[in-house]
Each structure stands twice: as C-alpha cells, then as structure tokens.
Amino acid sequence: MSAIIEQMKQKGARSVKVCCLLNKPAARKYPIPLDYVGFEIENVYILGFGLDHYGYYRNLPFIAVCKED
Amino acid sequence: MGKNRIGKILVTEEQIVARCKELGAKITKDYQGKTPIIVGLLTGAVPFVAELIKHIDGEIVLDFMSVKSYQGNIQQSKLAFIHDITTCVQGEDVIIVDDVADSGLTLSAIVDHMLKKGAKSVKLCCLLDKPDAKKHPVHLDYVGFTIENDFVIGFGLDYNGRYRNLPYIALYVLD
C-alpha cells in the first residue's frame, strides 16, 4: 500500500488518501495512514465481500472467518 | 463543475438491486454444481458485478479485464487488451459481465477471445441492452434492463469518466 501511495505521488497526484474496508493493525509491518476505515479486525484469515481463499468466496455478501483445516 | 448534466432517472437504485437479485438467482440455478468464472469488463461493469455476485449463491471465481475496441469497419472490431484476465479459462464456464450492450462488436470479440483460450462455455450478462444500437448480432444470456438508444450515465456508465458513482441510471443531458 505504501508503494502504491508513492507511485501516485510520483505520477503527480496533489493528494493521496487511503480507504480500506478492513484494517488489521496487528498485521502491519509498514506504518501507513488510513484515512477511511470500514472495520477494524484481528489478524485472522477472513473471506467474503471481495476477499478470497484461492480465488473463491469473493461473492459472499458478508465477511467471515476462514475455517482452516 | 459545470451545468448539471444528470437528466431523467431511467432505472432507480431499488430497481437495479431487485433485478440483480433475480439475475443472481438465475445464474445460481443455471450453474448449479459448477464454478463459473465471472469476468467483469473494466471500468463500467464494476458496480454491476459487485451487486450481482452478492446474489449468486454458489462458488464463483471473479476476474476483470480491460479492453479497447477499434472499429476497422462495420463487420469487424479489433480488440486491444489493456489488461487480460489472469485466470485460466481452459475447460471452464465463463460469464462476461458488462454495463451496456450497444453495438455488440466488443462483446462478440471478447466471446471469440474466450473460446480461443479454450473456455467450455461463454455467456454474456449486461445490465443494459440497447437493441437499437446493435450492429453485430450478439446473444445476451442475462439482461438487466432493455432501454432505448439514449446516452445514459450512472451505475458504472460514464461521460468522460464521470458519473460512474451515481447509484441509478439516468439520461445524460446534452447541449
């Protein structure tokens, strides 16, 4: 995400803000400012509403925890 | 900001959501036991794909592609792929999703492209159909709404890149 922000700035954007449906603060390795956040969640494997497990489950109309074997 | 170009609303947000529920239910039934690859055409199809797939109760794979069509003559359309899909469609069932079917040239070229890649089946799903704009016969398997050949904006459809975020479909007010 910070690389994308950097690229937008290099392209000459006047301002760049970041909007995420989900924020996993516990997973953060690089500090990035999130301007708009949908929901804060724990660092668990989730799927649905765009998030996938091997390409599946993106069409779920909700966000759920992925059951791992 | 110039003059307000948003004209008469042709399809409301409620109507779009209700129709997506119906189309989603039909796709669910038609693809029972299968995992169709849903390919949205950037950028116009994004709001429609996002609404539609929520109502498909089964396994799907979602991908996007971006094409530009250059019309050589009335019979042919050359496709330039800005971004092709990354999913392998060999032996798979593909559903192409677009915002509007007008000339039909781009859509039929994309169907050919998918068949050449080895797709087992290719179906077309469009939020809007403009039968009067058709130049090339193309069969639409799933249609949201049939409209006249007017310039429309909203729910993915743009004028110079604007108005895609409107939650409804409206006429564009020309000068």
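The values are calculated or read from the model by the stated rules, or taken from the named source; none is laboratory data. Predicted, not measured: the structure shown is a model, and the values here were computed from it. Cβ atoms come from the backbone with ideal geometry, glycine included; neighbour counts cover every protein chain shown.
What to note about this one:
- Residue in the range A:51-59 that is surrounded by 13 or more Cβ atoms within 10 Å (Cβ to Cβ), under 13 Å from the mean Cα position of the chain (by Cα) and on the phi < 0 side of the Ramachandran plot present: yes
- Residue within the range B:97-118 that is within 14 Å of chain A (Cβ to nearest Cβ), out of contact with any Asp or Glu (no Cβ under 9 Å at 6 or more places or on another chain), at pLDDT 95 or above and surrounded by fewer than 18 Cβ atoms within 10 Å (Cβ to Cβ) present: no
- The range A:11-38, residues that are of a type in the set (A, V, I, L, M, F, W, C), surrounded by fewer than 12 Cβ atoms within 10 Å (Cβ to Cβ) and part of a strand (DSSP E or B): A:Cys19
- Scope the range B:119-159; condition surrounded by 15 or more Cβ atoms within 10 Å (Cβ to Cβ), closer than 16 Å to B:Leu171 by Cβ and among the hydrophobic types (A, V, I, L, M, F, W, C); matching residues: B:Leu127, B:Leu128, B:Ala133, B:Phe145, B:Ile147, B:Val152, B:Ile153, B:Phe155, B:Leu157
- Residues being among the aliphatic types (A, V, I, L, M) and within 14 Å of the chain's Cα centre (by Cα) - total across the range B:46-61: 5
- So B:Ile16, is it in contact (Cβ under 8 Å) with a residue 24 or more places away in the chain, away from chain A (no Cβ under 14 Å), among the hydrophobic types (A, V, I, L, M, F, W, C) and not in a strand (DSSP E or B): yes
- Filtered residues of the range B:32-48 (kept if more than 14 Å from chain A (Cβ to nearest Cβ), closer than 17 Å to B:Arg19 by Cβ and surrounded by fewer than 24 Cβ atoms within 10 Å (Cβ to Cβ)): B:Gly44
- Subset of the range A:39-62 that is in a loop (DSSP other than H, G, I, E, B) and of a type in the set (Asp, Glu) - its residue that is nearest to the other protein chains (Cβ to nearest Cβ): A:Asp52
- Annotation note: of B:Thr28, B:Thr35, B:Thr43, the sole residue that is under 27 Å from B:Leu115 (Cβ atoms), within 14 Å of the chain's Cα centre (by Cα) and either of a type outside the set (A, V, I, L, M, F, W, C) or part of a loop (DSSP other than H, G, I, E, B) (or both) is B:Thr43.
- Any hit, the range A:33-41, residues being within 21 Å of B:Val46 (Cβ to Cβ), among the small types (Gly, Ala, Ser) and touching a Lys or Arg at 6+ places or on another chain (Cβ under 8 Å): no
- Looking across the range B:49-60 at every residue that is at the interface with another protein chain (Cβ under 9 Å from one of its Cβ atoms) and assigned to a helix (DSSP H, G or I), the one that is surrounded by the fewest Cβ atoms within 10 Å (Cβ to Cβ) is identified as B:Ala50.
- Of the numbered criteria (1) more than 19 Å from B:Phe145 (Cβ to Cβ); (2) without any contact (Cβ under 8 Å) to a residue 60 or more places away in the chain, the one B:His55 fails is (1).
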